[in-house]
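A.B. asks: Take a look at the following structure, please.
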Amino acid sequence: MNQPPRARDMGLLACHVCGQISRNVKAESMLCPRCGSSLHPRKPNSLARSWALLLTAMLLYLPANLLPIMRTASPGDIDDNTILSGVVELWNNGSWDLAILVFTASIVVPALKFVALSLLLLSCQRGWGGWVRGRVRLYRVLEFIGYWSMLDVFVVALLTAVVRFGSLSKVEPLPGVIFFSLVVVLTMLASKSFDPRAIWDGKDGSK
């Protein structure tokens, strides 16, 4: 069964900035007619940039989970919480639903993103020909769940703003939240740098 032609085979190029479709673009004038940005059949060096961002996020994932992200201070008590200790405290206080939500969004989701994006990058580098639709669905799921990883950062910011209205208690963000924010941002940039069309191109997907 013949495969349908690809846009690149038909001389069509999509602008990565504004989405304008251009036809029969000459090599000496590879500029978008709408916004003037450079046109490329595929994102240049997408695999290398995605790997660099992903590996950096993996390195920062350890301090993000080991360092405390929030300090709660009340008369006679100062408590520093990491992500995991915060989940345990929520569970012990009876908020098991919120504990599961924070654990899933802040620990499970980043780990799954590492595995999923690594699988996509390896499959493109090694020219895997099978499971194309499955890898496309995996990329779409990766894009959808990426923003939920910021839940812990939002919780710390919200608590800091709300508790400051009180006179007896205080909540302060700690260095762990910075590392965690960097992990989330870097994984989002890594998935954005990855060109999903490389799934169909095999080893030449990043060119």
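The values are calculated or read from the model by the stated rules, or taken from the named source; none is laboratory data. On a predicted model such as this, the values are computed, not experimentally measured, just so you know. Note that we place each Cβ from the backbone using ideal geometry, even for glycine, and neighbour counts take in every protein chain shown.
A.B. asks: Surrounded by fewer than 19 Cβ atoms within 10 Å (Cβ to Cβ), modelled with pLDDT under 85 and of a type in the set (Gly, Ala, Ser): which single residue out of SER167, SER106, SER206 fits that description?
C.D. replies: That would be SER167, the only listed residue that is surrounded by fewer than 19 Cβ atoms within 10 Å (Cβ to Cβ), modelled with pLDDT under 85 and of a type in the set (Gly, Ala, Ser).
A.B. asks: What are the residue pairs meeting all of these: first residue in region 192-207, first residue of a type in the set (Lys, Arg), second residue buried (at least 20 other Cβ atoms within 10 Å of the Cβ) and modelled with pLDDT under 80, Cβ atoms under 7 Å, and 6 or more apart or on different chains?
C.D. replies: Sorted first by the residue in region 192-207, then by its partner, the pairs are ARG197/GLY205.
A.B. asks: Right, another one. Only one residue in SER149, SER123 is at pLDDT below 85, more than 12 Å from SER191 (Cα to Cα) and buried (at least 19 other Cβ atoms within 10 Å of the Cβ). Which one? Break it down stepwise before answering.
C.D. replies: On the way: SER123 fails: at pLDDT below 85.
Only one candidate passes the filter, namely SER149.
A.B. asks: Continuing with the same structure: Do the conditions hold for VAL136, that is, is it at pLDDT 85 or above, more than 15 Å from the chain's Cα centre (by Cα), surrounded by fewer than 16 Cβ atoms within 10 Å (Cβ to Cβ) and of a type in the set (Val, Ile, Thr)? Break it down stepwise before answering.
C.D. replies: Numbers: at pLDDT 85 or above: yes; more than 15 Å from the chain's Cα centre (by Cα): yes; surrounded by fewer than 16 Cβ atoms within 10 Å (Cβ to Cβ): yes; of a type in the set (Val, Ile, Thr): yes.
Yes, satisfied.
A.B. asks: Return the only residue of GLY94, GLY19, GLY76, GLY86 being more than 24 Å from ALA198 (Cα to Cα), at pLDDT 75 or above and surrounded by fewer than 16 Cβ atoms within 10 Å (Cβ to Cβ).
C.D. replies: Result of the check over GLY94, GLY19, GLY76, GLY86: GLY94.
A.B. asks: Any residue in region 123-142 that's on the phi > 0 side of the Ramachandran plot: show its pairings with residues that are basic (Lys, Arg) at Cβ separation under 7 Å, as long as the two are six or more apart or on different chains.
C.D. replies: GLY127/LYS203
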